[in-house]
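**Student:** Sharing a structure here in structure tokens format.
The values are calculated or read from the model by the stated rules, or taken from the named source; none is laboratory data. Just so it is clear, the structure is predicted and the values come from calculations on it, not from any experiment. Glycine also receives a Cβ, built like all others from the backbone with ideal geometry; neighbour counts cover every protein chain displayed. Just the protein is used for accessible areas: all its heavy atoms, side chains included, with ligands, DNA and RNA removed. Shrake-Rupley method; radii C 1.70, N 1.55, O 1.52, S 1.80 Å.
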Amino acid sequence: MKNEKDVKREVKKLLDKHRWFWWMPPANGFGKVGVADFNAIRGGVFLAIETKFGKNKPTVHQSAFLTSIQAEDGFGFVVNEDRLEWLKQWMEAFDRATV
């Protein structure tokens, strides 16, 4: 992988494979600051994923958004190229738990 775009491509594949309804809010000045790159829902469970590449970290606003999702019993993750396998394993466990 060379950049964040590559990470996003892999996250899209995982979300599709595991049958999540997902969307990517546009990154512009008209929306809420810090909204995650991916927002998804499946079986009434909300999932937010902020993607990064390399040593990049979420901004204060991005971290606050993910924390707010978790406070409402949703799941909020930061995923980079090293954590894609972890996300895959989480989704597989979610599938097993919701059968």
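**Student:** What are the pairs with Cβ atoms under 8 angstrom where one residue, in the range 56-75, is part of a helix (DSSP H, G or I) and the other, located anywhere, is open to solvent by 50 Å² or more (accessible area, probe 1.4 Å) and modelled with pLDDT of 95 or more? Sequence gap at least six, or different chains.
**Tutor:** Sorted first by the residue in the range 56-75, then by its partner, the pairs are Ile69/Phe46; Ile69/Phe75.
**Student:** Considering only residues that are open to solvent by less than 60 Å² (accessible area, probe 1.4 Å) and under 20 Å from Asn3 (Cβ atoms), which ones fall in the range 42-65?
**Tutor:** Passing the criteria: Ile49, Glu50, Thr51, Lys52, Phe53, Gly54, Pro58, Gln62.
**Student:** Search the range 13-33 for residues that are of a type in the set (Val, Ile, Thr) and pair each with any residue that is part of a loop (DSSP other than H, G, I, E, B) when their beta-carbon atoms are under 9 Å apart and the residues are at least 6 apart or on different chains.
**Tutor:** From the range 13-33, the pairs are Val33/Thr59.
**Student:** Follow-up. For the range 76-92, how many residues are among the charged types (D, E, K, R), assigned to a loop (DSSP other than H, G, I, E, B) and open to solvent by less than 70 Å² (accessible area, probe 1.4 Å)?
**Tutor:** Residues flagged as among the charged types (D, E, K, R), assigned to a loop (DSSP other than H, G, I, E, B) and open to solvent by less than 70 Å² (accessible area, probe 1.4 Å) within the range 76-92 amount to 1.
**Student:** Another question about this same structure. Among the residues of the range 1-25, what is the count of those that are assigned to a helix (DSSP H, G or I), open to solvent by 60 Å² or more (accessible area, probe 1.4 Å) and within 19 Å of Asp82 (Cβ to Cβ)?
**Tutor:** The total comes to 4.
**Student:** Follow-up. Here is a list of conditions, (1) surrounded by 14 or more Cβ atoms within 10 Å (Cβ to Cβ); (2) in a loop (DSSP other than H, G, I, E, B); (3) not charged (D, E, K, R), and Asn39 meets all of them except one; can you say which number that is?
**Tutor:** (2)
**Student:** Consider Lys12 carefully, then state whether it is under 18 Å from Glu92 (Cα atoms), over 12 Å from the mean Cα position of the chain (by Cα) and modelled with pLDDT of 95 or more.
**Tutor:** It is false that Lys12 is under 18 Å from Glu92 (Cα atoms), over 12 Å from the mean Cα position of the chain (by Cα) and modelled with pLDDT of 95 or more.
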